[in-house]
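Values in this text are rule-based calculations from the coordinates and carry no lab data. Keep in mind that this is a model prediction, so the values were computed, not measured. With ideal geometry, Cβ positions are generated from the backbone for all residues, glycine too; neighbour counts draw on all protein chains shown.
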Amino acid sequence: MSDYLLSVILGVVEGLTEFLPVSSTAHLRISEALLHIDLGSSYWKMYTIVIQLGAILTLPIYFRERILKFLSTFPKGERGDRTVLTHPLSLVLMAFVVTAIPAFLMTKIIGKHLESLTIIGSALLIGGIVMWFVDARNSKAEAAGEGADGGVIRTWHMEDMSLRQAVWIGACQILSAVFPGTSRSMSTIAGGQLAGMSRASALEFSFFLSIPTMVVATCYDLLKSVVGKHGDGISVSHIDGHGWIVLGIGFVVSFVVAYGSVAWFMGYVRRRGFAPFAIYRIILGVVVLYFASRMG
């Protein structure tokens, strides 16, 4: 298969799955097995980081108006009822800090030992069951809508979040950093719903939290792939014209597809919820576990 076509396929996979609650890591590992490519090699490892950067760029562009609004109303908020600690931007930063330190320490200890198809399949399956249960638990309140007796839903807008909710979601995100296949999006959305947030508010906070989380994690991985621990990194000077074109194709495709998936996902979730994604995760998890058992 042509490297150019391969780059398009992987860019589409990354763009489609990075922000949906189905785990981009799992889908890239599955693609690696199906396409017979070693994404652990120095060049392709850098490639996966580059296409992730393409996906990340989607968020500040898509949410540019919301970001500017938050910046202009910091720290009191649009209604004047927020503080330096409870403003939405502060809550995003707080959740990021809660995730970053323990996740970094745990991944340094565990390393890549959990990146097996068995672990990924199990994480997909368990995460799908949890997401289905949580969304079904909140479905009646979602149908009643804002203003009704929501019961399990107390927060309908990201602007109304509490510090406790942000800390809890940050803690939930640690799972995705440690267990491949869990999905950062799934863990933060389900965590938000468990903390009394609506689908829309939990989803939006998940997107905002992914900006610092993914930027820091991806830049750190990029630095490691270039420098390497034992001289095994790849120098940009060693990438030829063909290699740069492949990187460029993956970056652009990932960005375009991710932008479309975010726009579609925001509208879809408000109407139909997360159940279809939960079902997909469960089916895919079972399939991955089956093939993992055959390979073992």
Determine, for the chain, the count of lysine pairs separated by eight or more sequence positions (or lying on different chains) whose alpha-carbon distance falls under 29 Å. 8
Take peptides 33-39, 213-219 and line them up by average Cβ neighbours within 10 Å, highest first, as a rough protection proxy. 213-219, 33-39
Going by average Cβ density within 10 Å per residue, which order do the peptides 269-279, 71-81, 163-173 take, highest to lowest? 163-173, 269-279, 71-81
11 Å reach of a label modelled at MET106, 7 Å along Cα-to-Cβ, counting backbone N of segment 164-184: 171-180
Order of THR17, THR155 - criterion: other Cβ atoms within 10 Å of each residue's Cβ, fewest first: THR155, THR17
Residue-span extension gain [GLU78 to MET266] - 0.36 nm each, minus C-alpha spacing: 65.4 nm
Grab the other residues whose beta carbon is less than 13 angstrom from that of ALA26, score K and R as +1, D and E as -1, and report the net. -1
How long is the gain from TYR4 to ARG294 if the chain were fully straight, where each residue apart is worth 0.36 nm and the alpha carbon distance is subtracted? 101.3 nm
Report, in debye and to the nearest 20, how large the dipole of the chain comes out about its Cα centre when Lys and Arg carry +1 and Asp and Glu carry -1 on their Cβ. 520
Pop out the Kirkwood hydrodynamic radius of the chain from its pairwise C-alpha distances, inverse of mean 1/r, in Å to one decimal. 19.8
